[in-house]
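Asks: So that we are looking at the same thing, I have put the structure below in C-alpha cells.
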Amino acid sequence: MKTHVLFNLFATFLLADGLNIEVSVFDFSLQLQISHRFVFLILNFTRNVAPLLINTQLFTRFLSRISQDSAGQFFSSGHTNNWAVLVCTSRFWFNYRHVANTLSVYRSVKRLGIPDSHIVLMLADDMACNHRNPKPATVFSHKNMELNVYGDDVEVDYRGYEVTVENFLRVLTGRLPPSTPRSKRLLSDDRSNILIYLTGHGGNGFLKFQDSEEISNVELADAFEQMWQKRRYNELLFIIDTCQGASMYERFYSPNLMALASSQVGEDSLSHQPDLAIGVHLMDRYTFYLLEFLEDIHPASKANMNDLFKVCPKSQCVSTPGHRTDLFLRDPGSVLITDFFGSVRKVEITTEAIDLTDPIKEVEERYMHSYVDQLPVSEIIHQKPKQKDWHPPDGFILGLWTLILLVFFQTYGVKHLRHIF
Amino acid sequence: MFLSERRRGQLAALSIAAVVIIVGVPLWWRTTETYRAWLPVSQIKELAKLQLQLSADVEVVFARGTVTPEQQKKVPLTQTQEEERAIDGDLIILFLILLIRNTKLESKFFSCHVLFLPEDTALRYSTQADLYLLAFQDVNVYIGQRRTALLRIGPQMRVGKTLEQLLAHLEPRIKQVLQVMSFSHNDITAALSDRVRFSPDNKESIADSMRAFKSSPGYEITFSLLNPDPKSHRLHWDIEGAVQTYIQPLLTKLSPVANFSIDSQTLYYTMLGVNPRFDTSRSAYTLNADSLAHVINPVEARLGSNAASSNPVLNFLLYVPDAQHSPLYIQGRKKQEVPSNAFHSPRWGGIMVYNVNGFYGSEPEFPVDINIDMAKVMGVFLAQLRLLLGVQSSTPPPGFLVARCGSTGLADWELDRLMWSRSVENVATATTTITSLAQLLDQIGNIVINDNIAQQVSSAVTSLQLAVAELEAGNLGFALQYSKEAILASEKAFFDPSLLHLLYFPDDQKFAIYIPLFLPMCVPILLSLLKIVSEARQRRREKQAKKD
C-alpha cells in the first residue's frame with residue numbers, strides 16, 4: 001500500500017507542474033538518500049510510462065520539500081545579500097521623468113527589503129527642490145499626485161555633478177579612492193545579487209550622462225567583465241529605460257547576466273503622461289508599468305522573471321521591450337523577483353551553544369589600545385603639490401605650428417627668413 | 001650660388017617632408033604613448049597554472065602494547081604518502097603525510113599527534129596531559145582540544161601480526177584522522193571556489209561555503225542590544241567585560257588569521273517587524289522559522305555602522321521582547337524547540353532572543369531593572385561567530401569523538417584547519433586577481449601603468465611564490481602570513497583608482513581626431529612631393545625621347 005501511495009504522490013507532483021521530466025536515476029539514488037524502495041518505485045515508473053524529463057528546478061524543489069533542513073533552501077539561489085545601483089543620468093527640469101523613474105525603483109527596492117546601506121542611488125539633478133517645482137520636496141510618479149516617490153527617507157549617494165561616467169564605472173569596478181565612504185561604495189561579494197537600473201537619454205550603443213558625456217555599451221560590458229573577474233557579483237540584473245535601450249546589452253559577455261530594456265534598437269521609449277499642474281511628463285511608460293507590477297510584489301511573493309518580461313507589452317508601451325537571458329545560468333522561470341528586487345535573507349537556526357560557565361583564567365596581558373587609522377590627515381594637509389613632469393608639446397601643438405609656419409613661408413617666401421633670424 | 005625658383009621649391013618641399021617624417025613622427029609617437037611600467041608577465045603566467053602542494057606533518061606515537069619491541073626497532077623513521085588530485089584541469093594538489101617514529105609527546109607547532117593505542121586500553125582520565133581515555137566501545141578515534149588524537153587499534157590487528165600489516169592498517173586510518181584535523185579534499189575545493197566552479201557532493205558543503213565570510217584581512221564585529229520596550233525593561237549588560245572575558249580570547253587566538261575590531265550599541269524602540277503568534281500549548285509567543293527571514297531587514301535599516309574601513313561587518317543582535325510579547329520562543333521548521341533561542345543568517349550575523357519575564361519577581365514595578373546573563377548570551381554568540389568565520393567543520397565520520405572546544409571557543413586543530421583553508425583561499429584569490437589584472441592591462445593598450453602599481457604587482461608575485469613554497473614545506477604560519485601579504489598587494493594593485501579604463505576609443509573616433517590636425521599639414525607636402533616625382537619622370541621621359 002505504501003508504495004502505491006508514494007507513487008501517486010510523485011505522479012501528481014510531476015503532472016501538476018506540467019513540465020517535462022527526465023529522470024537521471026543515478027543522481028536520484030545518490031543525492032536523495034531515501035530508501036531504496038522509493039528508488040525502485042521510480043525505476044518502475046520510468047520503465048512503464050514514457051520517459052519524462054525533470055528539469056533541475058523541479059528536482060530541487062522536490063528535494064527541499066522532502067528534506068526539511070535549511071540547507072535545502074540554499075539550492076534555489078546562490079546569493080546571501082542584495083545590492084542595487086540605481087542611476088538617473090539626465091539633468092534639467094524637463095527630464096523630471098527620469099528622476100521619477102529612478103526614485104520609483106528605489107522605493108520598490110526599499111519596500112521589499114534592501115536597506116539603504118546596500119543601495120547606491122545616483123541622481124543627476126534635484127527635482128524635488130528645483131526652483132521650478134510647484135510642489136517642493138515631492139516627486140510624483142502619477143498624475144493627480146497619487147504617489148510621492150520622494151518620501152521622507154531618501155538617501156542619495158551621488159548627486160548632481162557627481163553622477164559621471166567615471167564615477168559610475170568606479171562604483172561598478174570598485175576602483176574608488178581610499179577616502180570614499182562606505183555609503184558610496186558597492187561592497188558586494190561573490191554571493192551578492194545586484195540590480196542595476198539605468199535611465200536617461202540614450203541612443204544606439206550609448207547612454208548620455210549629464211548632457212555632456214556618454215557611456216558606450218562596450219565600456220559597460222567591460223566593466224561587468226571586470227566585476228566578474230573579481231567575483232563582485234553572483235547574479236546581475238540589468239534594466240535600462242532609454243531610447244534604443246536594447247543596444248546597451250548587446251555586447252555583454254560575462255556569465256550570469258540578465259538584461260531588460262524598454263525598447264529595441266531603432267525605437268524610442270516614450271513617456272507616460274504629462275501632469276498639467278507640474279508641467280512636465282512624470283514617468284516613462286516602461287517604468288510606470290514596472291512600478292505598477294512591483295507594487296503587487298511583497299517580500300514573500302513567488303512571482304518570477306517570466307512575469308517581469310511580460311511587463312509593458314507593445315500595446316501599452318508603444319515600444320517593444322526586450323530582454324536577454326542567454327548569459328544567465330538559471331532558468332528565468334525559477335528566478336524570483338525578490339531575488340533581485342528584495343532582500344530575503346536565508347536564516348539557519350543556531351543549534352549549538354558553547355558552555356561558558358567556567359570562566360577563563362585571567363591572562364596577564366597588556367592590551368595595547370590604539371585608535372584606528374582613518375585618514376592620514378597630517379600627510380594630506382602637508383602634502384606638497386605633485387610635480388608634474390614636463391612633456392614635450394604634443395601632436396596638436398606641433399601640427400598647429402607647422403601649419404602656421406607653412407602658411408607664412410608660402411605667403412611671404414623663403415627670402416624673408418633672414419629678417420627673422 | 002642661386003638655385004632656380006623651381007629647384008628651391010623642390011628643396012623646400014623635400015626638407016619639410018624630411019623634417020616631418022624624421023623628427024615629427026617619432027616625436028608625436030613618443031609624446032602620445034602611455035606610460036606603462038614593466039610587469040613580471042612571465043612569472044604571472046607561471047602562477048596562472050597554480051600547482052599547490054600541501055603537506056601536513058604527523059607524529060605517530062605507538063603506545064605500549066601495540067607493537068612488540070622487535071617491531072619497534074623496525075618502524076621506519078619517516079614515511080611519506082602522496083595523493084594527487086586535479087581540480088578543474090589546471091590545478092594539482094598533493095597531500096603528503098610524513099610518519100615519524102617518536103616517543104616523546106611534544107606539541108610541535110602545527111603538527112598533529114596521533115597516539116596509537118592497543119585494543120583493550122585501560123581507561124583513565126588524565127588532566128595533566130589533556131588526554132581523555134574513554135570507555136565507549138564504538139569510538140575508535142578521539143580528537144582532543146589541542147593537536148592530539150587517540151587512535152585505537154582495530155580488533156583484527158592483534159599484536160602477533162607483522163609490522164607491514166600493522167602499517168598497512170594504520171595508514172588509511174591516520175589519513176582519515178588528518179582529513180578531519182587538517183584538511184580534506186572537500187575543504188580545499190571549497191576554498192578554491194573563486195577559481196573553479198565546483199559542483200559539490202552534498203548540500204552541506206554548499207551551505208558551508210555560503211555561510212562563512214570570505215577571507216578578509218579584517219572584520220568588524222558589532223554587538224547590539226535591542227530594547228523595544230524601555231518603559232517596562234531597564235536593561236543592563238556588561239558588554240565590555242563580557243567581550244573581554246569571552247570573545248577576546250577567541251579573537252586573540254585568531255589574530256594570525258585576521259584583525260578584528262569590536263563595538264557595541266543599544267537601540268531603543270526597535271521592533272522585530274514580524275508579529276509573533278501566541279501558542280497556547282506552550283503559553284508563549286512563537287516565531288516560526290519561515291518568518292525569521294523577514295526579521296532582519298527592518299532591523300538592519302536601523303543598525304547603522306561606524307566602520308571606517310571596507311571590512312565585512314558581523315552583527316550580533318540581542319533582542320529582549322517587550323512585556324506584551326514575553327516570553328518569545330523560536331521554533332524550528334518542524335515546530336521543534338530551539339534551546340539556544342537564536343538564529344543566524346549567512347554572511348551577516350546572528351540574532352538571539354532573550355526572555356526576561358523570569359526576572360520580574362512577585363510584584364513587578366515597571367520599569368524592571370534586569371541584568372543580562374552575559375555568559376549564556378556570549379555562549380550563543382560565540383557559537384554563531386565560529387560558524388560565520390568558517391571554523392565549524394562538517395560532521396566527523398562515524399566512530400570519531402571530538403572533544404568539546406575549550407572556553408576560548410576554538411581548539412588548536414580547528415585553528416590549523418582554518419589556517420589551511422584560508423591560506424589556500426588567499427593564494428587562489430591572489431593568483432586570480434593578478435592574472436586577471438595582467439590580462440586586462442595586456443588587452444587594453446591605453447591604460448597607464450604607474451610605478452606603484454608595478455611595484456605592488458611585483459611584491460604580490462613574490463609573496464605568492466613564497467606562500468606556495470611555505471605551503472610545500474608545511475610551515476603553516478609563514479604560509480598564511482605571505483598569503484595575506486599577497487592578497488593585500490594584489491587587491492591594492494587591482495583596485496587602484498588610476499586604472500580606470502576610460503580610454504576606450506573606437507577607431508573611427510581616432511581618425512576623426514587626427515585628420516583635421518594632420519591633413520591640412522600633409523596635403524601640401526604630399527602634393528609637392530608628387531609634383532617633384534612627376535616632373536622627374538617627365539624629364540626622364542624627355543631624356544629617353546632625346547636619346548632615341
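The values are calculated or read from the model by the stated rules, or taken from the named source; none is laboratory data. Predicted model, so just to flag it, every value in this text is computed and none were measured. Positions of Cβ are backbone-derived with ideal geometry, glycine not excepted, and every protein chain shown enters the neighbour counts. Side chains included, ligands, DNA and RNA excluded: accessible areas come from the protein's heavy atoms. Shrake-Rupley method; radii C 1.70, N 1.55, O 1.52, S 1.80 Å.
Asks: Treating only the Cβ of Lys, Arg, Asp and Glu as charged (+1, +1, -1, -1), what charge dipole size does the stretch A:184-317 show about its Cα centre? Round to the nearest 20 debye. Walk me through the numbers on the way to the answer.
Replies: On the way: 12 positive and 19 negative charges, 89 e Å.
So the magnitude is around 420 debye.
Asks: Give me, ordered by chain and number, the residues 5 or more places off A:Ile196 or on other chains with an amide H under 5 Å from its own placed amide H.
Replies: For A:Ile196, the qualifying residues are A:Val85, A:Leu237, A:Phe238, A:Ile239.
Asks: For A:His131 and B:Ser4, what is the calculated FRET efficiency with R₀ set at 56 Å and r taken between the beta-carbons, to the nearest 0.05? Working shown, then result.
Replies: Working: r = 74 Å, r/R0 = 1.32.
E between A:His131 and B:Ser4, to the nearest 0.05, is 0.15.
Asks: Probe radius 1.4 Å, ligands and nucleic acids left out: which of A:Leu336, B:Leu464 has the largest accessible area, and how do the rest follow?
Replies: A:Leu336, B:Leu464
Asks: How shielded is B:290-302 by partner chains, expressed as the average number of their Cβ atoms within 10 Å of its Cβ atoms? Spell out each step's value before the answer.
Replies: Values: counts 2, 2, 5, 9, 9, 2, 7, 11, 2, 1, 8, 7, 1.
If you average over the peptide's residues, the count of other-chain Cβ atoms is 5.
Asks: Further question: Quick check on my link table: of A:Lys110/B:Lys335; A:Lys110/B:Lys214; A:Lys208/A:Lys386, which ones sit more than 28 Å apart, alpha carbon to alpha carbon? Before the final figure, lay out the partial values.
Replies: Working: A:Lys110/B:Lys335 31 Å; A:Lys110/B:Lys214 26 Å; A:Lys208/A:Lys386 33 Å.
Cα-Cα > 28 Å for A:Lys110/B:Lys335; A:Lys208/A:Lys386; rest within.
Asks: What figure, in Å² to the nearest 10, do you get for the accessible area of A:Thr351 with a 1.4 Å probe and non-protein molecules left out?
Replies: Result for A:Thr351: roughly 110 Å² accessible.
Asks: As an exercise, use a Förster radius of 56 Å and the Cβ-Cβ distance of B:Glu164 and A:Arg251 to find the FRET efficiency, rounded to the nearest 0.05.
Replies: On the way: r = 65 Å, r/R0 = 1.16.
Efficiency for this residue pair is about 0.30.
Asks: If you don't mind, another one. When the chain is fully extended, how far beyond the present Cα-Cα distance does A:Gln273 get from A:Val377, taking 0.36 nm per residue of separation?
Replies: Numbers: separation 104, 0.36 × 104 = 37.44 nm, distance 5.13 nm.
Taking A:Gln273 through A:Val377 to full extension adds about 32.3 nm, to one decimal.
Asks: Okay, next question. For the pairing of chain B with chain A, what total accessible surface becomes buried, with a 1.4 angstrom probe, in square angstrom to the nearest 100?
Replies: Details: alone 30860 and 25010 Å², together 49130 Å².
For chain B against chain A, roughly 6700 Å² becomes buried.
Asks: Given +1 on the Cβ of Lys and Arg, -1 on the Cβ of Asp and Glu, and no further charges, what dipole in debye does the stretch B:219-388 carry about its Cα centre, rounded to the nearest 20? Show your work: numbers first, answer last.
Replies: Numbers: 12 positive and 14 negative charges, 129 e Å.
The dipole magnitude comes to about 620 debye.
Asks: Per residue, how many Å² of accessible area does the stretch B:359-472 show with a 1.4 Å probe?
Replies: 37 Å²
Asks: Placing +1 on the Cβ of each Lys and Arg and -1 on the Cβ of each Asp and Glu in the stretch B:332-488, which of B:Ala479, B:Thr435, B:Gly358 has its Cα farthest towards the positive end of the resulting dipole?
Replies: My answer, from the dipole projection, is B:Gly358.
Asks: Need one number: nm distance between label points at B:Tyr268 and B:Leu401, each 7 Å from Cα along Cα→Cβ, rounded to one decimal.
Replies: My value for the distance between the label points is 5.2 nm.
Asks: Please compute the length gained on full extension between A:Thr180 and A:Val265, using 0.36 nm multiplied by the number of residues separating them and subtracting their Cα-Cα distance.
Replies: Working: separation 85, 0.36 × 85 = 30.60 nm, distance 3.70 nm.
Computed gain between A:Thr180 and A:Val265 is 26.9 nm.
Asks: Evaluate the distance, in nm, between pseudo-label points positioned 7 Å from the Cα of A:Val218 and of B:Ser498 along their respective Cα→Cβ axes.
Replies: So the label points at A:Val218 and B:Ser498 sit 2.5 nm apart.
Asks: When all protein chains stay in place, what accessible area (Å², nearest 10, 1.4 Å probe) is found for B:Tyr268?
Replies: Ignoring ligands and nucleic acids, B:Tyr268 comes out at about 130 Å².
Asks: For the stretch B:219-388, build the charge dipole from Cβ charges (+1 Lys, Arg; -1 Asp, Glu) around the Cα centre, then report which of B:Ile372, B:Gly304, B:Tyr269 sits farthest towards its positive end.
Replies: After comparing all options, I get B:Gly304.
Asks: Once R0 is set to 30 Å, what does the formula 1/(1 + (r/R0)^6) return for the Cβ-Cβ distance between A:Asp211 and B:Ile515, expressed as a FRET efficiency to the nearest 0.05?
Replies: Computed FRET efficiency for A:Asp211 and B:Ile515: 0.70.
Asks: Continuing with the same structure: Could you give the dipole magnitude of the stretch A:78-159 about its Cα centre, charging the beta-carbon of Lys and Arg +1 and that of Asp and Glu -1, in debye to the nearest 20? Numbers along the way, then the final one.
Replies: Details: 9 positive and 8 negative charges, 66 e Å.
I would put it at about 320 debye.
Asks: Return the residues of the stretch B:361-384 for which accessible area with all protein chains present is lower than in the chain on its own by 30 Å² or more; set the probe to 1.4 Å and exclude ligands, DNA and RNA.
Replies: Output list: B:Gly379, B:Ala383.
Asks: Here's a follow-up. 5 Å is the cut-off here: which amide hydrogens, built 1.01 Å from N in the peptide plane, fall below it relative to A:Gly203, excluding neighbours closer than 5 in sequence?
Replies: A:Lys208
Asks: Taking the simple approach of a point 7 Å from Cα along Cα-to-Cβ for both B:Asp442 and B:Gln244, what is their distance in nm?
Replies: Roughly 5.6 nm, to one decimal.
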